Amino acid sequence: MNYKYTVFFLALLFLHACKSEPQQEVKQITKKPNVKIEVPTFNVDSAYHFIQKQVDFGPRVISSKPWENCSIWLKQKFLKYTPNVIVQEAPTTTYDGKKHTLKNIIATFSPDKKNRVALFAHWDSRHIADHDTENQNTPILGANDGGSGVGVLIELARQFSIKEPKIGIDIILFDAEDYGQPENSEYAYMPDSWCLGSQHWSKTPHKAHYTARYGILLDMVAGKNATFYLEGYSNYFASSILQKVWKRGHKLGYGKHFVYENSPQIIDDHLYVNTLAHIPTIDIIEFDPSTENKFNKHWHTHGDNMDNIDKNTLKAVGQTLMEVLYRE
């Protein structure tokens, strides 16, 4: 074949190949629409009322009449929001050798859902005012230390009954948390004299093989200008949950309450939930480095009454929890 025609023929082949090559499809990248999550508004007046109701019973010391009456009210109150309420009873002995029957009160929402979160607080109050300067041997009302965490959780339960979260939730109120051995006690040292209700539940949950993705404990969550630090055990066992909650609190504008500073390890109910039940659990608990006891200045005194309850702090904790839970 002539070279000239060869070049011409090859050129025709090349043009034909170019024309017959399939066109590449241009894929359009579409962004997923942002789904707006409707989170209910935490009703701080409602939570405040639930704290007041507990205080009206008087000191909720295990085996006392106010304690008994409050336990009945708590069970009935939760039954308004869910039919799945039980009272877990167990014999216990306090550091002073007294025999009691503790009562852990448990309310379950969406029991069939495997994806669960556990919310904790203690509902009893201190049997002595060992950090007061007078009347040290008489029980305290425990509006903040005990009452505040319960008040927040009852309000959350009310909201769950109106708008169900996508996850299952268990609210667990521990008994006998505050009947711990005082400092300089005349009794023999008992290392686990505190948190008796959570110790029992963590060893023997209300449901066989119970587990949850994580847990959140509330303790002293209504003091005026309260600050919540990154507590030591929470950081060790559940740092990702701690960061999730603190990040959400800051995003909502509650950064003055949710402080990005570490605090020491605090023996509280979450310690036993972490080590015995093996559920990664954080503690939202007031920490005040300016006070001698590092807690609220009214801690374990008769000043822990309704004057110690601040609605702004209640709102910060309650709304933060609502945002975290409804976004799961």
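Let me check against my output: what whole-number percent is the relative contact order of the chain, with C-alpha pairs under 8 Å and at least 6 apart? Intermediate results must be reported in sequence, preceding the final value.
Details: 615 pairs, mean separation 70.4, N = 328.
Reported as a whole number, the value is 21 percent.
As a test, work out the antiparallel percent of DSSP beta bridges whose residues both lie in the chain, rounded to the nearest 5.
That works out to approximately 45 percent antiparallel.
With label points built 7 Å along Cα→Cβ from the Cα atoms of Asn84 and Glu183, find their separation and express it in nm.
4.3
Please give the FRET efficiency for Thr275 paired with Lys36, using the beta carbon to beta carbon distance and R0 = 41 Å, rounded to the nearest 0.05.
0.55
Thr138 to Lys163: extension gain in nm, 0.36 nm per residue of separation minus the Cα-Cα distance?
Gain on stretching Thr138 to Lys163: 4.8 nm.
How far is it, in nm, from the label point at Lys65 to the one at Asn262 when both lie 7 Å from their Cα along the line to the Cβ?
Reported label-point gap for Lys65 and Asn262 is 5.0 nm.
Over the chain, with a Gaussian network built from C-alpha contacts below 10 Å, which listed residue (Phe174, Phe228, Phe57) shows the highest mean-square fluctuation?
Looking only at Phe174, Phe228, Phe57, the biggest GNM fluctuation is shown by Phe57.
Using a ≥ b ≥ c from the Cα gyration tensor of the range 130-213 (square roots of the eigenvalues), is it rounded, prolate or oblate, where a/c under 1.5 gives rounded and otherwise the larger of a/b and b/c decides, a/b for prolate?
In terms of gyration-tensor shape, oblate.
Hey, what angle do you get for helix 3-20 against the long axis of the chain, alpha-carbon based, 0 to 90 degrees rounded to 10?
30
Collect residues whose amide H, placed 1.01 Å from N in the peptide plane, falls under 5 Å from the amide H of Thr281; neighbours closer than 5 in sequence don't count.
Result for Thr281 returns Gly215.
Any chance you could give the angle, 0 to 90 degrees and rounded to 10, that helix 232-251 forms with the longest Cα principal axis of the chain?
Helix 232-251 sits at roughly 70 degrees to that axis.
How much of the DSSP bridge set in the range 173-314 is antiparallel, in percent, rounded to the nearest 5?
For the range 173-314, the DSSP antiparallel bridge percentage is about 10.
What nm value, rounded to one decimal, do you get for the distance between Tyr210 and Lys99 when each label is placed 7 Å out toward the C-beta?
In this crude spin-label approximation the distance works out to 2.6 nm.
Students often get this wrong, so check it: of Lys36/Lys75; Lys207/Lys256; Lys65/Lys113; Lys251/Lys294; Lys36/Lys244; Lys203/Lys244, which have C-alpha atoms separated by over 30 Å?
Lys36/Lys75; Lys207/Lys256; Lys65/Lys113
Can you give the FRET efficiency to the nearest 0.05 for Asn312 and Asp56, using r as the Cβ-Cβ distance and R₀ = 25 Å?
With R0 = 25 Å, the Cβ-Cβ based efficiency is 0.65.
Let me make sure I get this right: for the range 57-152, a, b and c are the square roots of the gyration tensor eigenvalues over alpha carbons, sorted descending. Under 1.5 in a/c it's rounded, otherwise prolate if a/b > b/c, else oblate. Which is it?
Here the range 57-152 falls in the prolate category.
Using r as the Cβ-Cβ distance of Lys247 and Ser46, and R0 as 45 Å, what FRET efficiency do you calculate, to the nearest 0.05? Walk me through the numbers on the way to the answer.
Values: r = 26 Å, r/R0 = 0.58.
After rounding to 0.05, the efficiency reads 0.95.
What is the range 166-211's relative contact order, in percent, from Cα pairs under 8 angstrom and six or more apart in sequence?
That works out to 38 percent.
Rounded, prolate or oblate: pick one for the range 154-297, where a ≥ b ≥ c are the square roots of the eigenvalues of its C-alpha gyration tensor, a/c under 1.5 means rounded, and failing that, prolate if a/b is larger than b/c, else oblate.
Oblate shape, in that a/c is at least 1.5 and b/c is the bigger or equal ratio.
Please provide three numbers in whole Å: the alpha-carbon extents of the chain along the principal axes, with the largest listed first.
Per principal axis, max minus min of the Cα coordinates gives 119, 44, 39 Å.
Looking at the range 132-173, which trypsin sites (Lys or Arg not before Pro) are DSSP coil and have at most 11 other C-beta atoms within 10 Å of their C-beta?
Lys163
FYI, it's all coordinate maths here, none of it is from the lab. Note that the coordinates shown come from a computational prediction; the quantities given were computed from them, not determined experimentally. Reconstructed Cβ throughout: ideal geometry from the backbone, glycine too, with neighbour counts over all protein chains shown.
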